[in-house]
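Input: a single structure, listed below in structure tokens.
The values are calculated or read from the model by the stated rules, or taken from the named source; none is laboratory data. Just so we're clear, the structure is a prediction, and the values are computed from it rather than from any experiment. No Cβ is skipped: glycine too gets one built from the backbone with ideal geometry, and neighbour counts run over all protein chains shown.
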Amino acid sequence: MALRGARRYGAPHRATPVACGMERIDVLKLYHLPGSRSCRVLWLIFELGLECEIEKMSLADGSLRTKSYRELNPLGKAPTLDDGGVVLYESGAIVEYLLERYGAGRLAPAVGSAGRAQYLQWLHWGEATLLPPIAAINGNRFVLAESDRSEAALDVARRQLSRVLNVLGGVVANREFLVGDEFSAADIMVGYGVRLAKMVGELPEQPESIHEWHDGLAARPAYQRAFDGGFGG
């Protein structure tokens, strides 16, 4: 796999180990595209203090389209996690997997606890409810060919996003975190969507509570490290 920036004078790309934290995990490797859903995984890794190898992918250099990478992730997208031969490429599944395997009870309410149900709802809400209208907006603004873009679809997606964000704004009003009084992986899953909307200029000024909640997340060192590097590599 190609690590952007590792190439010198035509030499082959080589993956670079990155110390993500203090806990040593020899086999953990993340293929990361800056700004993509892999930021969720990287954010979690930094929060947990895990050590891993990060291979930085790029939209520009073809690293997502190589045969070797497609063998890991058939769609050629990011993230992809390789944990000693256990390969996953769905960000929410990776978050749950890492918490089960390396979380040691951190960043998630215990199974059967009072906050578990709400935690699970928001953990999945971030991808299943928040991301679809943002993806539709991005598609009709940036991704699709001009001939496939639709102003009508863009308008519908923006209205859907507004409704979704109004729900979120009511939940986080006067609250620091989504579930209970502690930061959790639910904040990571939903926080990424808010960050993405903001990054592409589609986060409305209201509800103000979303900005306040997101600003609190953005102050976390792990968040700042995860989103370093812009978008697309």
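Quick notes on this one:
- Evaluated against (1) in contact with a helix residue (DSSP H, G or I) (Cβ under 6 Å, 6 or more places away or on another chain); (2) without any contact (Cβ under 8 Å) to a residue 60 or more places away in the chain; (3) over 19 Å from VAL41 (Cα atoms), ALA117 falls short on exactly one condition, (1).
- Test: residue in the range 205-215 that is aliphatic (A, V, I, L, M), in a loop (DSSP other than H, G, I, E, B) and surrounded by 17 or more Cβ atoms within 10 Å (Cβ to Cβ): no
- Sole residue being surrounded by 14 or more Cβ atoms within 10 Å (Cβ to Cβ), of a type in the set (Gly, Ala, Ser) and free of Cβ contacts under 8 Å to residues at least 60 places away in the same chain, chosen from ALA218, ALA152, ALA145: ALA218
- A single member of GLY233, GLY201 is closer than 21 Å to ILE134 by Cβ, of a type outside the set (A, V, I, L, M, F, W, C), outside any helix (DSSP H, G or I) and modelled with pLDDT under 95, and it is GLY233.
- Of the residues making up the range 74-86, those that are within 10 Å of TYR31 (Cβ to Cβ) and surrounded by fewer than 14 Cβ atoms within 10 Å (Cβ to Cβ) number 0.
- ALA108 vs. criteria touching a residue at least 60 places away in the same chain (Cβ under 8 Å) and either of a type in the set (Gly, Ala, Ser) or not assigned by TED's automatic domain parsing to the domain that holds ALA185 (or both): yes
- Close pairs (7 angstrom Cβ cut-off, 6 or more residues apart or separate chains): within 20 Å of ASN73 (Cβ to Cβ) in the range 40-57, among the hydroxyl-bearing types (Ser, Thr, Tyr) anywhere: ARG40/SER91; ARG40/TYR192; VAL41/SER91; TRP43/TYR223; GLU55/TYR31; MET57/TYR31; MET57/SER63
- If you go through the range 156-194 and keep only what is crowded, with 16+ Cβ neighbours inside 10 Å and part of a loop (DSSP other than H, G, I, E, B), you end up with PHE177, LEU178, VAL179, GLY180, PHE183, SER184.
- Filter pass, ASN140 being without any contact (Cβ under 8 Å) to a residue 40 or more places away in the chain, buried (at least 16 other Cβ atoms within 10 Å of the Cβ) and either on the phi > 0 side of the Ramachandran plot or touching a Ser or Thr at 6+ places or on another chain (Cβ under 7 Å) (or both): yes
- When residues of the range 57-73 are limited to those that are out of contact with any Gly (no Cβ under 7 Å at 6 or more places or on another chain) and surrounded by 12 or more Cβ atoms within 10 Å (Cβ to Cβ), the one farthest from CYS39 (Cα to Cα): THR66
- Qualifying residue in the range 75-93 (condition: in a helix (DSSP H, G or I) and over 18 Å from GLU55 (Cβ atoms)): yes
- Enumeration of residues in the range 33-63 that are assigned to a strand (DSSP E or B) and among the aliphatic types (A, V, I, L, M): LEU50, ILE54
- Answer from LEU120, LEU99 - the residue that is outside the structural domain of LEU33 (by TED's automatic domain parsing) and either surrounded by fewer than 20 Cβ atoms within 10 Å (Cβ to Cβ) or part of a loop (DSSP other than H, G, I, E, B) (or both): LEU120
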